[in-house]
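Trainee: Mind looking over this structure? Questions follow.
The values are calculated or read from the model by the stated rules, or taken from the named source; none is laboratory data. Nothing here was measured: the structure is a model prediction, and the numbers come from that model. So basically every Cβ, Gly included, is an ideal-geometry build from the backbone, and we count neighbours across all protein chains shown. Heads up: the accessible areas ignore ligands, DNA and RNA and are worked out on the full protein's heavy atoms, side chains in. Shrake-Rupley method; radii C 1.70, N 1.55, O 1.52, S 1.80 Å.
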Amino acid sequence: MFRPPWPAGGPPVTGRAAFDIGAVPLAAPGETICGDGWGLRREGARWIVGLADGLGHGAAAAEASDRFVALLGEASDRTLASPAAFLEDAHER
């Protein structure tokens with residue numbers, strides 16, 4: 001199951017949320033872990049959602065998608081300025 005690697009950014013949200021966010025990653029038949037991942041990051045009024053498909057299944061795919069989610073949590077404002085900048089930075093790491 002997904003565990004956010006960072007606390008939600010920005011000011012606390014008060015009152016009732018306008019929507020819920022969630023995912024149901026399912027492992028391939030015969031596997032115990034899933035290669036899909038997702039992350040959600042709030043930067044002030046902006047929300048950034050990242051989805052990862054580890055291409056394949058099992059431990060190697062899970063490691064790839066977990067790394068993507070970690071990079072999303074660690075990314076700088078410059079890196080988050082565009083998907084291309086984020087991918088370029090991810091490939092350099």
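Trainee: Could you list all residues from the stretch 34-56 that are touching a Pro at 6+ places or on another chain (Cβ under 9 Å) and open to solvent by 60 Å² or more (accessible area, probe 1.4 Å)?
Mentor: D36
Trainee: Checking the conditions here, which among D89, D53 is touching a strand residue (DSSP E or B) at 6+ places or on another chain (Cβ under 7 Å) and modelled with pLDDT under 90?
Mentor: Values: D89 fails: touching a strand residue (DSSP E or B) at 6+ places or on another chain (Cβ under 7 Å).
None of the others qualify; the one that does is D53.
Trainee: Considering each residue of the stretch 8-33, count those that are open to solvent by less than 100 Å² (accessible area, probe 1.4 Å), closer than 22 Å to G73 by Cα and at pLDDT 80 or above, and give that number.
Mentor: Matching residues across the stretch 8-33 total 5.
Trainee: Please specify each residue of the stretch 46-93 satisfying the condition of being touching a residue at least 24 places away in the same chain (Cβ under 8 Å), within 18 Å of E31 (Cα to Cα) and within 15 Å of the chain's Cα centre (by Cα).
Mentor: A61, A62, A64, S65, D66
Trainee: May I pose another question? In the stretch 61-75, which residues are touching a Gly at 6+ places or on another chain (Cβ under 7 Å) and either open to solvent by less than 60 Å² (accessible area, probe 1.4 Å) or among the hydrophobic types (A, V, I, L, M, F, W, C) (or both)? Explain how you work it out, then say what you get.
Mentor: So the first thing to find is which residues in the stretch 61-75 are touching a Gly at 6+ places or on another chain (Cβ under 7 Å), and the list is 61-62, 64-66, 68-69, 72-73.
If the condition is that a residue be touching a Gly at 6+ places or on another chain (Cβ under 7 Å) and either open to solvent by less than 60 Å² (accessible area, probe 1.4 Å) or among the hydrophobic types (A, V, I, L, M, F, W, C) (or both), then A61, A62, A64, S65, F68, V69, L72, G73 are the ones that fit.
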